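The values are calculated or read from the model by the stated rules, or taken from the named source; none is laboratory data. Keep in mind the model is a prediction, meaning the values are calculated, not measured. For neighbour counting, all protein chains shown are included, and Cβ atoms are generated from backbone atoms with ideal geometry for every residue, glycine included. Note: areas computed on protein heavy atoms with side chains; ligands, DNA, RNA excluded. Shrake-Rupley method; radii C 1.70, N 1.55, O 1.52, S 1.80 Å.
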Amino acid sequence: MKELIEKYHLAVGKMTVKNQETYLSTDKGQFRIVGKVRDDLPAIYHYLESRDFLSFLLPINSIEEDHYEIYPWKENRFLPLEEQATELVYVLSLLHTKTTFYETVELDDIKKIYEEMKAKLTELTTYYQELQTMIEMHIFMSPSEYFLIRNISRIYMAISFCERELETWYDIMMEKRKKRMVLLHGSPTLSHFQAEDSKLSYWNASRRDSPIYDLLIFYKTHYQSVDFASLLRLYESRYPLLKEEKSLFFLLISIPPRIRLEKDEYQKCEEIEAYLEYLNQSSELLSEQYKEPATK
């Protein structure tokens, strides 16, 4: 990194390392340095420009030669969090609009996804049933065990919703001949968004797939801090989700993770509480979409 700084004649006054990324205060302004892990990033940037999508930060250095990317950077200090999130969702809708294309639906692929998801949900049900049986055999439950057992019906209801939504998605897709695809950013979080200039950085996770996967990452990262329901309405006002896309999205946000009671008691209670909060948030979002509680 020292060689890189010298190569581009940056006189560094201050260097800050945060989440494996480096921020520089220099005589030429503020910069952010991140590792470059993909050789096709120049092609991705060229593709975005060819589709008239310009809301991304170009590095100032030659990424064909260097192992890092150097971006001009501004801290999102003065914009409220909701305003930053709104601008990011707007940019995502623009990205998906500009890069939309369609692929032929391969029924064997749909069946494979369906069978894998169904097996995953069956395994989750078995896991929680066995965990419940084990806990209920104890004469005295620990606080975390009691906390989980009191709320385990909510987990079963979430799994039941996922099973129903999986069938809905499968029925729709078996009648489809085309599926909509976009270039995903792959990691659309506020830490990768320069809100003042409305530009995304860090395209190392980008790929071509359904637009819902960008929304899924954003939701799971920021559901506690933003009003996702209003952001989803904003997104859909510019890029409406298809019925099968919305069905798969709600299925994916509702799949319960495995709660593992292997930490100390305080950490286990924290983990269960955080998961139940996620269930509540997702349930409220689903209730608004379906006009009735879906996982409560």
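When you check Glu273 against the structure, is it under 17 Å from Met117 (Cβ atoms), in contact (Cβ under 8 Å) with a residue 60 or more places away in the chain and outside any loop (DSSP other than H, G, I, E, B), yes or no? Break it down into steps so the answer makes sense when it comes.
Values: under 17 Å from Met117 (Cβ atoms): no; in contact (Cβ under 8 Å) with a residue 60 or more places away in the chain: yes; outside any loop (DSSP other than H, G, I, E, B): yes.
It is false that Glu273 is under 17 Å from Met117 (Cβ atoms), in contact (Cβ under 8 Å) with a residue 60 or more places away in the chain and outside any loop (DSSP other than H, G, I, E, B).
Can you pull out the residues in the range 197-209 that are in contact with a Leu (Cβ under 7 Å, 6 or more places away or on another chain), of a type in the set (D, E, K, R) and closer than 26 Å to Glu82 by Cβ?
Residue satisfying the conditions is Lys199 alone.
Exactly one of (1) open to solvent by 50 Å² or more (accessible area, probe 1.4 Å); (2) touching a strand residue (DSSP E or B) at 6+ places or on another chain (Cβ under 8 Å); (3) of a type in the set (A, V, I, L, M, F, W, C) is unmet by Phe56. Its number?
Condition (1) is where Phe56 drops out.
Scanning for something under 16 Å from Phe53 (Cβ atoms), open to solvent by less than 60 Å² (accessible area, probe 1.4 Å) and either modelled with pLDDT of 95 or more or of a type in the set (Lys, Arg) (or both), does the range 205-213 turn up at least one residue?
In the first step, residues of the range 205-213 are kept if they are under 16 Å from Phe53 (Cβ atoms); the result is 206-208, 211.
Filter once more, keeping what is open to solvent by less than 60 Å² (accessible area, probe 1.4 Å): 206, 211.
Now drop any that are not either modelled with pLDDT of 95 or more or of a type in the set (Lys, Arg) (or both), which leaves 206, 211.
Yes, the conditions are met somewhere in the range 205-213.
For the range 131-138, state whether one or more residues are more than 29 Å from Glu115 (Cβ to Cβ), crowded, with 17+ Cβ neighbours inside 10 Å and touching a helix residue (DSSP H, G or I) at 6+ places or on another chain (Cβ under 6 Å).
Step one: of the range 131-138, the residues more than 29 Å from Glu115 (Cβ to Cβ) are 135-138.
From what is left, the residues that are crowded, with 17+ Cβ neighbours inside 10 Å are 135.
Subsequent filtering for residues that are touching a helix residue (DSSP H, G or I) at 6+ places or on another chain (Cβ under 6 Å) retains 135.
Taking every residue of the range 131-138 in turn, at least one turns out to be more than 29 Å from Glu115 (Cβ to Cβ), crowded, with 17+ Cβ neighbours inside 10 Å and touching a helix residue (DSSP H, G or I) at 6+ places or on another chain (Cβ under 6 Å).
Is there a residue being of a type in the set (Gly, Ala, Ser), open to solvent by 20 Å² or more (accessible area, probe 1.4 Å) and in a helix (DSSP H, G or I) anywhere in the range 188-195? It would help to see each step written out before you state the result.
Filtering the range 188-195 for residues of a type in the set (Gly, Ala, Ser) gives 191, 195.
Filter once more, keeping what is open to solvent by 20 Å² or more (accessible area, probe 1.4 Å): 191.
Then keep just the ones that are in a helix (DSSP H, G or I); that gives 191.
Within the range 188-195 (the criterion being of a type in the set (Gly, Ala, Ser), open to solvent by 20 Å² or more (accessible area, probe 1.4 Å) and in a helix (DSSP H, G or I)), the answer is yes, since at least one residue qualifies.
What residue, among those in the range 72-118 that are in contact with a helix residue (DSSP H, G or I) (Cβ under 7 Å, 6 or more places away or on another chain) and of a type in the set (A, V, I, L, M), is most open to solvent (accessible area, probe 1.4 Å)?
Only one residue tops the list, namely Met117.
Could you grab me the full set of residues in the range 96-110 that are free of Cβ contacts under 8 Å to residues at least 60 places away in the same chain and touching a Pro at 6+ places or on another chain (Cβ under 9 Å)? If you could, list the steps in order and put the result at the bottom.
Restricting attention to the range 96-110, the residues satisfying the condition of being free of Cβ contacts under 8 Å to residues at least 60 places away in the same chain are 98, 106, 108-109.
Hits for the range 96-110: nothing passes.
Being in a helix (DSSP H, G or I) and open to solvent by 60 Å² or more (accessible area, probe 1.4 Å) narrows it down to one of Glu262, Glu284, so name that one.
Details: Glu262 fails: in a helix (DSSP H, G or I).
Exactly one of Glu262, Glu284 is in a helix (DSSP H, G or I) and open to solvent by 60 Å² or more (accessible area, probe 1.4 Å), namely Glu284.
Which numbered condition trips up Arg238, out of (1) farther than 16 Å from Val89 by Cα; (2) at pLDDT 95 or above?
Failing condition for Arg238: (1).
Considering each residue of the range 229-251, count those that are open to solvent by 30 Å² or more (accessible area, probe 1.4 Å) and in a helix (DSSP H, G or I), and give that number.
Counting residues in the range 229-251 that are open to solvent by 30 Å² or more (accessible area, probe 1.4 Å) and in a helix (DSSP H, G or I) gives 8.
Would you confirm whether or not the range 124-138 contains a residue that is among the β-branched types (Val, Ile, Thr), at negative phi and more than 28 Å from the chain's Cα centre (by Cα)? Let's see the steps before the verdict.
Of all residues in the range 124-138, those among the β-branched types (Val, Ile, Thr) come to 125-126, 133, 135.
Subsequent filtering for residues that are at negative phi retains 125-126, 133, 135.
This time we only want the ones that are more than 28 Å from the chain's Cα centre (by Cα), so: 133, 135.
There is at least one residue in the range 124-138 that is among the β-branched types (Val, Ile, Thr), at negative phi and more than 28 Å from the chain's Cα centre (by Cα).
With the structure loaded, tell me whether Pro256 is assigned to a loop (DSSP other than H, G, I, E, B), closer than 28 Å to Ile172 by Cα, open to solvent by less than 10 Å² (accessible area, probe 1.4 Å) and not charged (D, E, K, R) or whether it fails that test. Talk me through it step by step, then tell me what you get.
Numbers: assigned to a loop (DSSP other than H, G, I, E, B): yes; closer than 28 Å to Ile172 by Cα: yes; open to solvent by less than 10 Å² (accessible area, probe 1.4 Å): yes; not charged (D, E, K, R): yes.
Taking the combined requirement at face value, the residue satisfies it.
Just give me the residues in the range 19-47 being open to solvent by less than 100 Å² (accessible area, probe 1.4 Å) and closer than 15 Å to Met1 by Cα, in sequence order.
Matches in the range 19-47: Glu21, Thr22, Tyr23, Leu24, Ser25, Thr26, Phe31, Arg32, Ile33, Val34, Gly35, Lys36.
Run down Tyr146, Tyr127 and say which single residue is open to solvent by less than 70 Å² (accessible area, probe 1.4 Å), among the aromatic types (Phe, Trp, Tyr) and outside any strand (DSSP E or B).
On the way: Tyr146 fails: open to solvent by less than 70 Å² (accessible area, probe 1.4 Å).
One residue alone meets the criteria, Tyr127.
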